[in-house]
1. Would you check if E70 is over 30 Å from H111 (Cα atoms), exposed (fewer than 12 other Cβ atoms within 10 Å of the Cβ), among the acidic types (D, E) and in contact (Cβ under 8 Å) with a residue 40 or more places away in the chain?
2. Got a sec? Which of L175, L198 is in contact with a helix residue (DSSP H, G or I) (Cβ under 7 Å, 6 or more places away or on another chain), part of a strand (DSSP E or B), free of Cβ contacts under 8 Å to residues at least 60 places away in the same chain and within 26 Å of G233 (Cα to Cα)?
3. Please state which one of L308, L312, L333 is of a type in the set (A, V, I, L, M) and within 22 Å of I36 (Cβ to Cβ).
4. Which of the residues that make up region 213-226 are outside any loop (DSSP other than H, G, I, E, B) and either buried (at least 24 other Cβ atoms within 10 Å of the Cβ) or out of contact with any helix residue (DSSP H, G or I) (no Cβ under 6 Å at 6 or more places or on another chain) (or both)?
5. Test each condition in (1) buried (at least 24 other Cβ atoms within 10 Å of the Cβ); (2) touching a Cys at 6+ places or on another chain (Cβ under 9 Å); (3) not in a loop (DSSP other than H, G, I, E, B) for A305 and report the one that comes out false.
6. Restricting the search to region 273-289, which residues are surrounded by fewer than 24 Cβ atoms within 10 Å (Cβ to Cβ) and either touching a Gly at 6+ places or on another chain (Cβ under 9 Å) or modelled with pLDDT under 95 (or both)?
7. Does L337 qualify as being under 28 Å from W247 (Cβ atoms), in contact (Cβ under 8 Å) with a residue 12 or more places away in the chain, touching a helix residue (DSSP H, G or I) at 6+ places or on another chain (Cβ under 7 Å) and not charged (D, E, K, R)?
8. Taking the condition among the β-branched types (V, I, T) and buried (at least 22 other Cβ atoms within 10 Å of the Cβ), does V239 pass?
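The values are calculated or read from the model by the stated rules, or taken from the named source; none is laboratory data. Everything quoted here is computed from the prediction, not taken from an experiment. All Cβ positions, even for glycine, are placed from backbone atoms using ideal geometry, and neighbour counts span all protein chains on display.
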Amino acid sequence: MPVNSPPNSPTDPIAPSSKATSEQATFTQTRKADHIRVCLEEDVQSHHITNGLEHYQFTHCCLPELDRREIDFSTPFLGKTLGAPLLISSMTGGTEQARTINYRLAEVAQHYRIAMGVGSQRIAIEKPEVSSTFAVRSIAPDILLFANLGAVQLNYDYGLNECLRIVDWLEADALILHLNPLQECVQTKGDTNFRGLLRKIETLCQSLSVPVIAKEVGNGISPLMAQKLIEAGVKAIDVAGAGGTSWAKVESERAKDALQRRLGATFANWGIPTAECITTIRAIAPEIPLIASGGLRNGLDIAKAIALGADLAGLALPFLKAASESETALYELVDALTAEMATVLFCTGNATLDGLRNPGVLEKR
């Protein structure tokens, strides 16, 4: 639902101090294009740290007493019922290639009634003429749709007005604040002033009319940090654990200087595995809506994440690759993911996702 943007108050603790320059906008747009290219063309996956899901195995049921056609993937999340526990994780926007990708992703999200997040909308604030590259609501009027901004931008020019604006532009159901300290350290000209952000996140949560989701970008969220974020007013958490795309490696690949390239290589396998994030956060926060992402690549991974306590499973790279290829490839991907999830449910004797959490269904090996 669109919201009106109130004027910034001089006492607003997250009011911006200055506006982005055209030079900043150009730099941001170039970075957006680089990120797509590097993710599609280079090996930026973690190889020495995994998502941790391989340590878990489902117990096979040889007699399911179930008709496979009865299997139901419907999933409630933040007030909407999804057709499957899937999130097309935040990826891109701001370029013509990104427009094509986002429009294709939105079409498939609408068709299968799954959730979608867009890439960071910072570029749309810096360069409003590219905001249409994110504008997918007309294509997907019914989906659960997430706006997105880096939390650190609350210390760099962005305030309540900007957050309201990107939610309004997108007609979003929630705002993702992504947390990416390692990426900013490795990124050339990265924004590394994270001081005081928790208080600003708390103020933002109190001020926005839509829920705020805290999301890492591939290095995970610990239970201690999850608790602090929940106490600040965050309504959902996307763990985005280690084991998938390494944004340290992505930034290393596009870095122009030797130091940044070395930093990316050194910290390529830094982070908390996705499975550990899910289990430890769920243990301290049984009710928080929880998204599992970070190295999930198929329906078996998704089912394990759900069994460990996640409500939704987010995938980025598989969707990016398919969307870059064709609309047909996207439909084939979702069909494959749902077929794999259905096979897990059928071969564990469960008609619904809740059954995956029953004792003895998923075991640590």
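1. no
2. L175
3. So the residue among L308, L312, L333 that is of a type in the set (A, V, I, L, M) and within 22 Å of I36 (Cβ to Cβ) is L333.
4. Answer for region 213-226, where residues must be outside any loop (DSSP other than H, G, I, E, B) and either buried (at least 24 other Cβ atoms within 10 Å of the Cβ) or out of contact with any helix residue (DSSP H, G or I) (no Cβ under 6 Å at 6 or more places or on another chain) (or both): I213, A214, K215, E216, L224, M225.
5. Among (1) buried (at least 24 other Cβ atoms within 10 Å of the Cβ); (2) touching a Cys at 6+ places or on another chain (Cβ under 9 Å); (3) not in a loop (DSSP other than H, G, I, E, B), A305 violates only (2).
6. P273, E276, T279, R282, A283, P286
7. yes
8. In short, yes.
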